[in-house]
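The next block holds one structure in the form of structure tokens; read it before the comments.
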């Protein structure tokens, strides 16, 4: 990358059509998602889709975190979706319930794929921090389903793009002791991981449920992340490779948590991550070759 770039230039060419949908109602809580539709969209199209879950420690956060990513991907020809889910500070929810919401969202998208011109076999899960955990959870966890869902509908994404995700939420035998990290999270989040989980931590820990059928995965992580240690991303990457899955880990030397968010660090890490995300999606044939100008950001 050369110099500072405010945003990938593809944004200004064609603003996508944004649609709001309710995907789930729990009591008096209405959960929504926002779909960014490619220009010249046709009812019989079968676009790949990217589904983003925002960060915020399962406590807070806003789906607007991924609006710019969604605009970019819609301009490139994907249906891009950003999802709201229950968070503790608003809904007194647990991580387990957030996982259930993420699965409900994925099932809703597959159920309505034809209506929105989505290819149900080319859906990418994405997210940052706690949202990265939720995306990874939809790819790895069989439990924590909403009993109101149609459980016959597949919730698993076909690929993953994760930004500083929380992937290890329980101790690893002979290795990482989660108690040290849980004590750290009390300081960072103000709540113990054990209390926030709503279930045995191992049951909601993506690392502990990696199998040989997890889709191709791209992970961005800062090596100096002071919230979610870089080591946890590396452990997940190692287990994915051991299971024969495709997994790429891009470490950003000296970068801290959320380093690639839009409008941070002169947007340079954001632009670089968007470029790498584009490259990854092209490698899966979900996007065509990127425009020359993006290639040379």
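The values are calculated or read from the model by the stated rules, or taken from the named source; none is laboratory data. As the structure is a prediction and not an experimental result, all values here were calculated from the model. Here the Cβ positions follow ideal geometry from the backbone for every residue, glycine too, while neighbour counts run over all protein chains shown.
Residues are listed down the side, and each one gets a yes or a no for (1) assigned to a helix (DSSP H, G or I); (2) at pLDDT 95 or above; (3) in contact with a helix residue (DSSP H, G or I) (Cβ under 8 Å, 6 or more places away or on another chain):
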residue	(1), (2), (3)
127	no, yes, yes
131	yes, yes, yes
170	no, no, yes
176	no, no, yes
Going by what's in this entry, would residue 259 be described as at pLDDT 95 or above, under 18 Å from the mean Cα position of the chain (by Cα) and under 29 Å from residue 100 (Cα atoms)? no
Those residues that are farther than 21 Å from residue 283 by Cα, under 19 Å from the mean Cα position of the chain (by Cα) and not in a loop (DSSP other than H, G, I, E, B), I need them from region 241-256; list them, please. 252
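Of the residues 165, 157, 147, which single one is within 29 Å of residue 27 (Cα to Cα) and within 15 Å of the chain's Cα centre (by Cα)?
The conditions single out 157.
Specify which of the listed residues (281, 287) is modelled with pLDDT of 95 or more and crowded, with 18+ Cβ neighbours inside 10 Å.
Result: 281 is the single residue among 281, 287 that is modelled with pLDDT of 95 or more and crowded, with 18+ Cβ neighbours inside 10 Å.
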Using the structure shown, decide if residue 214 is in a loop (DSSP other than H, G, I, E, B), within 17 Å of residue 137 (Cβ to Cβ), touching a helix residue (DSSP H, G or I) at 6+ places or on another chain (Cβ under 9 Å) and modelled with pLDDT of 95 or more. yes
Residue ID - surrounded by the most Cβ atoms within 10 Å (Cβ to Cβ), chosen from residues in region 35-50 that are part of a strand (DSSP E or B) and touching a helix residue (DSSP H, G or I) at 6+ places or on another chain (Cβ under 6 Å): 50
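A quick yes/no check of all residues on (1) surrounded by 15 or more Cβ atoms within 10 Å (Cβ to Cβ); (2) assigned to a strand (DSSP E or B); (3) in contact with a helix residue (DSSP H, G or I) (Cβ under 7 Å, 6 or more places away or on another chain):
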{"position": "24", "(1), (2), (3)": "yes, yes, yes"}
{"position": "30", "(1), (2), (3)": "no, yes, no"}
{"position": "33", "(1), (2), (3)": "yes, yes, yes"}
{"position": "52", "(1), (2), (3)": "yes, yes, yes"}
{"position": "55", "(1), (2), (3)": "yes, no, yes"}
{"position": "64", "(1), (2), (3)": "no, no, no"}
Would you please name the residue that is nearest to the chain's Cα centre (by Cα), looking only at residues in region 276-285 that are within 19 Å of residue 66 (Cα to Cα) and touching a residue at least 60 places away in the same chain (Cβ under 8 Å)? 277
